[in-house]
Structures are given as C-alpha cells and as structure tokens.
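The numbers here are math on the coordinates, done by the rules we state, and not lab data. None of the values given here were measured: they were computed from a predicted structure. Here the Cβ positions follow ideal geometry from the backbone for every residue, glycine too, while neighbour counts run over all protein chains shown.
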Amino acid sequence: MFITIDGIDGAGKSTQLDLLCELLRSHGHRLARFRDPGSTPVGESIREILLHREDIPLCGTTEMLLYMASRAQLVQDLVAPALERGETVVSDRFLLANVVYQGSAGGIAPNLIWQVGKIATKGLEPNKTILLDLPPEIAFQRIQRGQDRLEKRGLAYFEKVRSGFLEQVPFAGPEHLIIDATQSIDAIHQAIARFVLP
Ligand code: ADP
Ligand code: MG
C-alpha cells in the first residue's frame with residue numbers, strides 16, 4: 001500500500017506522518033517513509049536547489065520538471081522496490097503538490113502536469129491520499145521559519161494553493177480523505193487511522 005499526505009506548509013504533515021508511522025508499525029506493517037522532493041541522492045540535491053538556492057533562477061517550467069526528475073528517481077529506486085517487497089510506503093507529498101503549486105497556483109495547466117507526472121511515476125498512484133486542509137493564515141501562525149517565503153508569495157498565492165488542493169485531490173488516486181487540519185493533533189490522527197487501517 002502506498003499512502004501520501006499533503007497540504008500547505010504548517011498543515012501538520014510531518015506531525016501526522018510521525019504518528020501514522022508509529023501506528024502502522026504497531027499494526028505490524030513494514031514501513032518505508034519518503035519525502036518528495038528528495039529521498040534519493042539526486043532527489044536531495046534537487047530539493048536543495050528547489051527549496052534553498054534562491055540564487056539559482058528557475059522558470060516555472062524548469063521548477064515543475066525538477067520536481068518530476070526527483071520523483072522519477074524516487075519511484076524507480078525506492079517506492080516501486082519497497083512496494084514489491086510488500087512494504088507500506090508513506091510519502092510526505094507526491095505528484096499532487098506539484099500539480100497544485102506549479103499548476104493551480106503557478107499558472108501551468110493542471111492536466112498537463114498530471115500528464116507529465118505519468119511519465120515520472122510510470123503511472124504509479126498512491127492508493128490513499130490524505131489532504132490536510134488549513135487556512136493559510138493559520139498555517140502562517142504555526143510556522144516561524146517559513147514566514148519569509150510566505151510573506152514573499154503573499155496570502156493570495158496560498159489561497160490559490162489551498163483551493164487547488166481541494167480541487168485536484170480527487171485526481172491523485174483511487175481514494176482520498178480531506179481533513180480539517182484546524183482540529184487537534186489527536187483528532188486528526190484518529191481520522192487518518194480510520195482511513196488507513198482496514
Ligand atoms: P508540515 O510538515 O505540514 O509543514 P508540521 O507537522 O511541521 O507541518 O507542523 C507545523 C507546526 O504546527 C509544528 O510546530 C506543529 O507542532 C504544529 N502543529 C501540527 N499539527 C497541529 C495541530 N493540529 N494543531 C496545532 N498545531 C499543530
Ligand atoms: Mg513537514
């Protein structure tokens with residue numbers, strides 16, 4: 001089984017992934033946990049460029065394709081082999097975020113990004129997609145470190161990201177769950193547990 005979790009920065013993805021991994025382990029799952037972009041050597045180098053090298057200018061298309069390149073390596077080297085070994089794969093973000101940030105909020109047609117995504121993933125979709133939905137102003141309050149970037153892009157941009165997630169999540173795979181991420185950490189975890197456990 002392949003599970004992904006998504007939502008804007010500060011929505012609680014890392015917090016909920018920690019809890020979900022603990023839960024799945026306690027239910028006997030062998031786990032493989034990844035982050036997208038990243039997780040492979042080339043993926044982590046691409047991640048560094050995408051998230052931290054503001055001195056390297058990237059046009060929107062290059063940015064979209066770098067995410068895809070990282071994801072192609074991730075699927076090929078890590079996700080597909082782990083699934084073949086019968087492990088449960090959990091990923092912090094996947095193709096959906098690429099569609100939303102570079103598409104819905106970034107100006108590239110979302111359906112084109114889904115198409116490029118099929119090349120990067122060889123058609124592999126998460127079985128279950130979890131979307132943590134949070135108003136950007138609350139995410140803004142939760143994270144200190146991201147504030148510069150948030151302020152630079154502006155609240156209107158993050159409203160587009162939020163509505164893009166809500167609009168695109170049905171296309172991410174066969175099953176998805178949208179969770180109101182203003183709830184307590186425990187309430188969110190319980191909702192995820194009900195969705196993920198048989
Ligand atoms: P993400 O990985 O989506 O960026 P994090 O899990 O790092 O989000 O959470 C961002 C911040 O918000 C952290 O300080 C975390 O402790 C806090 N947080 C996470 N979930 C909740 C919640 N449900 N209610 C309040 N604060 C939360
Ligand atoms: Mg995180």
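Structure values in brief
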{"read-out": "Sequence-separation-based contact order of segment 1-128, relative, with Cα cut under 8 Å and 6+ spacing, percent", "value": "39"}
{"read-out": "The chain - mean residue ellipticity at 222 nm from DSSP helices (-39,500 (n - 2.57) per run, n ≥ 4, rounded to 500)", "value": "-15000 deg cm²/dmol"}
{"read-out": "Relative packing of peptides 39-52, 82-95 - highest average C-beta neighbours within 10 Å first", "value": "82-95, 39-52"}
{"read-out": "Mean separation of Cα contacts under 8 Å (6+ apart) over length of segment 96-187, as relative contact order %", "value": "42"}
{"read-out": "Magnitude of the charge dipole, segment 1-144, Cβ model with Lys/Arg +1 and Asp/Glu -1, debye to 20", "value": "380"}
{"read-out": "Residue-span extension gain [LEU51 to ALA80] - 0.36 nm each, minus C-alpha spacing", "value": "7.9 nm"}
{"read-out": "Cα gyration tensor, the chain - rounded (a/c under 1.5), prolate or oblate", "value": "oblate"}
{"read-out": "Farthest positive-ward along the chain dipole, Cα basis, beta-carbon charges - from GLN73, ILE192, LEU19", "value": "GLN73"}
